[in-house]
Amino acid sequence: MSGKRNLLVVAHTPSPNTQALCDAVLHGAAHPDIENVEVRHARPLQTQPDDVLWAHAIVLGTTENFGYMSGALKDFFDRIYYPCLEHTEGLPYAAYIRAGKDGTGTRTAIEKIATGLRWRAVQEALVLRGDYDERFIGACEELGMAMAAGLDTGIF
């Protein structure tokens, strides 16, 4: 494989804890052994279809709000859906969910929209349940590293 591969992290970060989770994904994706991946973070409300079209893979991060994804991530999907529909089929994606409860509704909603876009989940959604735990940081770092390494080695 030649040339840089692009990883887009679209994450809603309304609190210091959720910002730390996004930072951990970005830190993992920037592991020094990963050489051919460019990583960008974009906030959902600012992300445009061109950002998604740039990406070879995407990580979605959201809070669980009333048993659903954040309004910001839903807005992202609303704006990029049709412009990206025919152009991002097969896009590898992963998601992490900061869930105060169980995260089931959030995970299901993301999976339904991603299925409509014909994106390909490369791992089960990482659901970070219950009270905030510092171990969430390591899990998010591993997620970022796995996504970037998968791009770097041509696994996806």
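Please treat every number below as a calculation from the coordinates, not as lab data. Quick caveat: nothing in here was measured; it's all calculated off a predicted structure. Reconstructed Cβ throughout: ideal geometry from the backbone, glycine too, with neighbour counts over all protein chains shown.
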Restricting to segment 18-50, what's the tally of residues that are closer than 17 Å to Ala95 by Cα, without any contact (Cβ under 8 Å) to a residue 60 or more places away in the chain and part of a helix (DSSP H, G or I)?
2
Among residues of segment 119-151, those that are of a type outside the set (A, V, I, L, M) and either crowded, with 19+ Cβ neighbours inside 10 Å or within 16 Å of Val9 (Cβ to Cβ) (or both), counted:
8
Any idea which of (1) part of a loop (DSSP other than H, G, I, E, B); (2) under 18 Å from Thr18 (Cα atoms) is the one Leu60 doesn't satisfy?
(1)
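Matching residues to (1) in contact with a strand residue (DSSP E or B) (Cβ under 6 Å, 6 or more places away or on another chain); (2) touching a residue at least 60 places away in the same chain (Cβ under 8 Å); (3) charged (D, E, K, R):
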{"residue": "Val59", "(1), (2), (3)": "yes, yes, no"}
{"residue": "Phe66", "(1), (2), (3)": "no, no, no"}
{"residue": "Ile80", "(1), (2), (3)": "no, no, no"}
{"residue": "His87", "(1), (2), (3)": "no, no, no"}
{"residue": "Ala109", "(1), (2), (3)": "yes, no, no"}
{"residue": "Leu143", "(1), (2), (3)": "yes, yes, no"}
The residue from Gly105, Gly90 that alone is small (Gly, Ala, Ser), out of contact with any helix residue (DSSP H, G or I) (no Cβ under 9 Å at 6 or more places or on another chain) and not in a helix (DSSP H, G or I) is Gly90
Of these, Gly116, Gly90, Gly154, Gly105, which one is more than 18 Å from Ala11 (Cβ to Cβ) and either of a type in the set (Ser, Thr, Tyr) or surrounded by 15 or more Cβ atoms within 10 Å (Cβ to Cβ) (or both)?
Gly105
Members of segment 41-75 that are out of contact with any helix residue (DSSP H, G or I) (no Cβ under 9 Å at 6 or more places or on another chain) and either crowded, with 20+ Cβ neighbours inside 10 Å or aliphatic (A, V, I, L, M) (or both)
Ala55, Ala72
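Hey, can you tell me all the residues within segment 1-14 that are in a loop (DSSP other than H, G, I, E, B), surrounded by fewer than 22 Cβ atoms within 10 Å (Cβ to Cβ) and either touching a strand residue (DSSP E or B) at 6+ places or on another chain (Cβ under 6 Å) or free of Cβ contacts under 8 Å to residues at least 40 places away in the same chain (or both)?
Ser2, Gly3, Lys4
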Name the single residue, out of those in segment 111-137 being touching a residue at least 24 places away in the same chain (Cβ under 8 Å) and of a type in the set (Lys, Arg), that is farthest from Ala20 (Cα to Cα).
Arg118
Name, by its number, the condition in (1) touching a Phe, Trp or Tyr at 6+ places or on another chain (Cβ under 9 Å); (2) within 17 Å of His31 (Cβ to Cβ); (3) not basic (Lys, Arg) that does not hold for Ile155.
(1)
